[in-house]
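Reviewing the structure listed below.
The values are calculated or read from the model by the stated rules, or taken from the named source; none is laboratory data. In this text, all values refer to a predicted model and were calculated from it rather than measured experimentally. Cβ placement follows ideal geometry from the backbone for every residue including glycine, while neighbour counts extend to all protein chains displayed. Heavy atoms of the whole protein, side chains included, go into the accessibility calculation; ligands, DNA and RNA do not. Shrake-Rupley method; radii C 1.70, N 1.55, O 1.52, S 1.80 Å.
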Amino acid sequence: MISVILGSGFGVILLFILLALFFQFVPIGLWISAISAGVNVGIINLVGMRLRRVIPSKIILPLIKANKAGLNVNVNQLEAHYLAGGNVDRVIDALIAAHRADIDLTFERACAIDLAGRDVLEAVQMSVNPKVIETPVVNAVAQNGIELRVKARVTVRANIDRLVGGAGEATIIARVGEGIVTTVGSSTAHTDVLESPDHISKTVLQKGLDAGTAFEILSIDIADVDVGRNIGAALLTDQAEADKRIAQAKAEQRRAMAVAKEQEMKAYTQEMKAKVVEAEAQVPTAMAEALRSGNLGVMDYYRMNNINADTKMRASLSGEDTPDKKE
């Protein structure tokens with residue numbers, strides 16, 4: 001009797017475990033929700049999702065949502081997108097939003113946008129409600145050398161057809177900045193830009209900056225224009241300072257050359273003086289030799305001394321130093 005009770009109790013526990021495993025593997029509650037919502041999904045499909053490592057709720061709940069919104073999608077399409085790494089729920093929300101806004105967006109296109117890494121739901125919302133992108137401060141210089149600091153606001157709308165492969169917001173900001181720099185740089189004076197900042201908007205819009213991007217530019221509004229530095233004056237000042245340094249360097253070079261030349265002339269003068277002293281030192285010897293050899297007479301020597309004495313007297317009377325006094 002006890003063995004029968006134990007056996008029946010063990011059987012009940014085993015049956016309970018088997019039922020728990022069955023309900024854990026087969027989402028009966030999800031299947032009932034799908035049937036009650038009018039979505040035809042079989043138990044075999046749910047079991048197959050488990051075998052393919054697909055979370056059934058990630059497929060069935062978006063499918064119910066799509067069916068209630070009147071979209072024509074099936075389980076295989078959603079499961080294929082899930083296995084490809086896409087966000088099924090976001091794609092279905094985007095399709096519902098596009099359907100309500102009367103935007104032509106197919107399931108395949110929405111899946112491609114989602115797999116490309118873009119938020120397809122945000123793209124649809126931006127297509128309905130345009131987004132304002134504020135550019136950072138762009139520094140541009142007019143032809144008169146005055147710097148202007150310009151900030152713009154760009155109103156864009158998502159282009160569904162160009163979301164895959166189209167450039168993003170960074171490209172729009174870069175192109176608008178380039179257009180601002182070009183427009184300000186072509187202005188003769190900065191006052192022309194300050195008087196009519198809308199000229200920048202018109203010029204930039206005419207360039208077709210949204211080509212190849214995922215957006216359509218609706219308007220470009222200049223939010224703020226401030227006057228910056230006088231770049232032209234700063235450049236002229238820097239050039240003058242550079243010219244000054246070059247002139248100083250050349251003057252220093254010329255001074256050094258003059259000092260070197262002066263030193264050279266002093267050395268040459270000293271050398272010549274030394275030679276004169278040496279030559280004068282040899283005069284008495286030469287005169288003695290001339291007297292001995294008879295080439296110079298006593299009267300000649302006497303007349304030469306008189307001439308020297310007369311020359312010294314005349315020099316002293318005129319106030320000039322003779323060469324002998326200089327030495």
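Kirkwood hydrodynamic radius for the range 181-261: how many Å is it when counted over pairs of different Cα atoms? Please report the intermediate quantities before stating the final value.
Numbers: mean 1/r = 0.0581 Å⁻¹.
Roughly 17.2 Å, rounded to one decimal.
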query: How do Leu83, Leu30 rank by accessible surface area computed with a 1.4 Å probe, from largest to smallest?
result: Leu83, Leu30
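Return the carbon/sulfur percentage of the accessible area of the chain, one whole number, probe 1.4 Å, all protein chains in place. Display every interim value, and only then the final one.
Numbers: 12090 of 20990 Å².
Carbon-and-sulfur percentage of accessible area, whole number: 58.
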- line: Any lysines whose Cα falls less than 23 Å from that of Lys261, other than same-chain ones fewer than 8 residues away, would be Lys250, Lys273, Lys275
field: Dimensions (Å) - the range 79-202, Cα atoms, principal axes, largest first
entry: 64, 26, 17
Rounded to 5, the percent of DSSP beta bridges in the chain classed as antiparallel: 95
- line: Of all GluC sites (Glu not before Pro) in the range 233-310, the ones in DSSP coil with at most 12 other Cβ atoms within 10 Å are none
- request: Quick one: accessible surface of Met265, probe radius 1.4 Å, all protein chains present, in square angstrom to the nearest 10.
  value: 100
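Keeping all protein chains in place and using 1.4 angstrom, which order do Thr188, Thr155 fall into by accessible surface area, from largest down? Present the calculation step by step, with values, prior to reporting the outcome.
Values: Thr188 95, Thr155 25 Å².
Descending order: Thr188, Thr155.
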- line: Low-density loop trypsin sites (Lys or Arg not before Pro), the range 38-72, at most 12 other Cβ within 10 Å, DSSP non-H/G/I/E/B, are Arg52, Arg53
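Given a 1.4 Å probe and heavy atoms of the protein chains only, how would you sort Thr269, Thr183, largest accessible area at the top? Numbers along the way, then the final one.
Working: Thr269 60, Thr183 5 Å².
Most to least solvent-accessible, the answer reads Thr269, Thr183.
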- prompt: What net charge do the residues around Arg90 carry, taking every other residue with its C-beta under 13 Å from that of Arg90, with Lys and Arg at +1 and Asp and Glu at -1?
  reply: -2
statement: Of the range 115-142, those with amide N under 18 Å from the point 7 Å along the Cα→Cβ vector of Ser196 are 142
- line: Expressed in nanometres to one decimal, the distance between label points 7 Å along Cα→Cβ at Val277 and Ser57 is 11.7
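Which value, in nm² and rounded to one decimal, describes the direction-averaged projected area of the C-alpha convex hull of the range 171-327? Spell out each step's value before the answer.
Values: hull surface 91.0 nm².
About 22.8 nm², averaged over all directions.
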message: Quick check for you: with a 1.4 Å probe and neighbouring chains kept, what is the accessible area per residue of the chain, in Å²?
response: 64
query: So between His99 and Leu115, what do we pick up on full extension, going 0.36 nm a residue minus the alpha carbon distance?
result: 3.7 nm
query: Hey, if you put +1 on the Cβ of every Lys and Arg and -1 on every Asp and Glu Cβ in the range 203-298, which of Val227, Leu205, Gln263 ends up farthest toward the positive end of that dipole?
result: Gln263
task: Identify all aspartates and glutamates with a Cα-Cα distance to Lys266 below 17 Å; exclude those on the same chain that are fewer than 8 residues away in sequence.
output: Glu327
statement: Note, Val137: beta-carbon cut-off 9 Å, +1 each Lys/Arg, -1 each Asp/Glu, net 0
- prompt: Just how large is the dipole of the chain about the Cα centre, in debye to the nearest 20, putting +1 at every Lys and Arg Cβ and -1 at every Asp and Glu Cβ?
  reply: 960
